[in-house]
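Data block below; observations after.
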Amino acid sequence: KKVLTLQQKSLSDTDSRIVHTLTIIGQVYCKTENYTQALDAFKKALCIQRNMHGDNSVDVASTLSMIGLVLFKQGQFEYALQNFFESLSICKLSLGEIRGDIARIMCNIATVYFYSGYDDEAMK
């Protein structure tokens with residue numbers, strides 16, 4: 001958090017180093033099961049990324065996936081799916097259909113469907 005405070009005082013609001021720091025903070029909070037603060041850090045990173053790159057950036061897609069994972073851990077399955085599907089759409093546009101990133105996102109979507117009780121959707 002101290003690094004972020006220093007960065008925010010000395011760097012531009014759209015500096016990628018701030019995004020990187022926010023992402024690490026979000027990951028630490030997620031690992032310690034502090035999902036509310038993890039979500040807050042990831043959402044701040046996402047806002048900066050969208051300002052920097054627009055809505056269809058692979059970086060935006062990656063952060064959306066992280067948000068989806070946090071929401072899944074919180075049991076907010078519908079919102080998790082929304083983030084995963086948006087991430088998937090961006091990756092398909094940016095990277096093409098056959099990529100490891102796309103397979104990972106599709107696996108996350110299937111997991112959410114499974115835990116939501118939609119086994120048929122999970123198997124698609």
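The values are calculated or read from the model by the stated rules, or taken from the named source; none is laboratory data. Predicted, not measured: the structure shown is a model, and the values here were computed from it. Glycine also receives a Cβ, built like all others from the backbone with ideal geometry; neighbour counts cover every protein chain displayed. Calculation scope for accessible area: heavy atoms of the full protein, side chains included, ligands and nucleic acids excluded. Shrake-Rupley method; radii C 1.70, N 1.55, O 1.52, S 1.80 Å.
Does Met123 count as loosely packed, with under 14 Cβ neighbours inside 10 Å and more than 22 Å from Gln49 (Cα to Cα)? Working first, answer last.
Values: loosely packed, with under 14 Cβ neighbours inside 10 Å: yes; more than 22 Å from Gln49 (Cα to Cα): yes.
Against the criterion (loosely packed, with under 14 Cβ neighbours inside 10 Å and more than 22 Å from Gln49 (Cα to Cα)), Met123 qualifies.
Need the failing condition index for Tyr115 against (1) open to solvent by 60 Å² or more (accessible area, probe 1.4 Å); (2) free of Cβ contacts under 8 Å to residues at least 40 places away in the same chain; (3) over 30 Å from Lys2 (Cα atoms), just the number.
So Tyr115 meets the others, but not (2).
Determine if the range 34-54 includes at least one residue that is without any contact (Cβ under 8 Å) to a residue 24 or more places away in the chain, touching a Phe, Trp or Tyr at 6+ places or on another chain (Cβ under 6 Å) and open to solvent by 70 Å² or more (accessible area, probe 1.4 Å).
yes
Pairs needed: first member in the range 1-16, closer than 19 Å to Gln27 by Cβ; second member anywhere, part of a loop (DSSP other than H, G, I, E, B) and charged (D, E, K, R); C-beta distance under 9 Å; at least 6 residues apart or different chains.
Gln7/Asp15
Please determine, by comparing only the residues of the range 102-124 that are within 20 Å of Leu46 (Cα to Cα) and touching a Ser or Thr at 6+ places or on another chain (Cβ under 8 Å), which one is modelled with the lowest pLDDT.
This residue is Arg104.
Of the residues in the range 7-26, how many are loosely packed, with under 15 Cβ neighbours inside 10 Å and of a type outside the set (Ser, Thr, Tyr)?
7
The conditions are (1) assigned to a helix (DSSP H, G or I); (2) surrounded by fewer than 15 Cβ atoms within 10 Å (Cβ to Cβ); (3) at pLDDT below 95; (4) charged (D, E, K, R), and Lys92 fails exactly one of them. Which is it?
Going through the list (1) assigned to a helix (DSSP H, G or I); (2) surrounded by fewer than 15 Cβ atoms within 10 Å (Cβ to Cβ); (3) at pLDDT below 95; (4) charged (D, E, K, R), Lys92 breaks only (2).
Restrict the check to the range 52-60 and report whether at least one residue is within 27 Å of Phe114 (Cα to Cα) and modelled with pLDDT of 95 or more.
Yes, the range 52-60 contains at least one residue that is within 27 Å of Phe114 (Cα to Cα) and modelled with pLDDT of 95 or more.
Would you confirm, using the coordinates I've provided, whether Asn108 is closer than 21 Å to Ile48 by Cβ and part of a helix (DSSP H, G or I)? Working first, answer last.
Details: closer than 21 Å to Ile48 by Cβ: no; part of a helix (DSSP H, G or I): yes.
For Asn108, the condition - closer than 21 Å to Ile48 by Cβ and part of a helix (DSSP H, G or I) - is not met.
Among the residues of the range 95-116, how many are over 18 Å from the mean Cα position of the chain (by Cα) and either more than 17 Å from Leu71 (Cβ to Cβ) or among the β-branched types (Val, Ile, Thr) (or both)?
Of the residues in the range 95-116, 3 are over 18 Å from the mean Cα position of the chain (by Cα) and either more than 17 Å from Leu71 (Cβ to Cβ) or among the β-branched types (Val, Ile, Thr) (or both).
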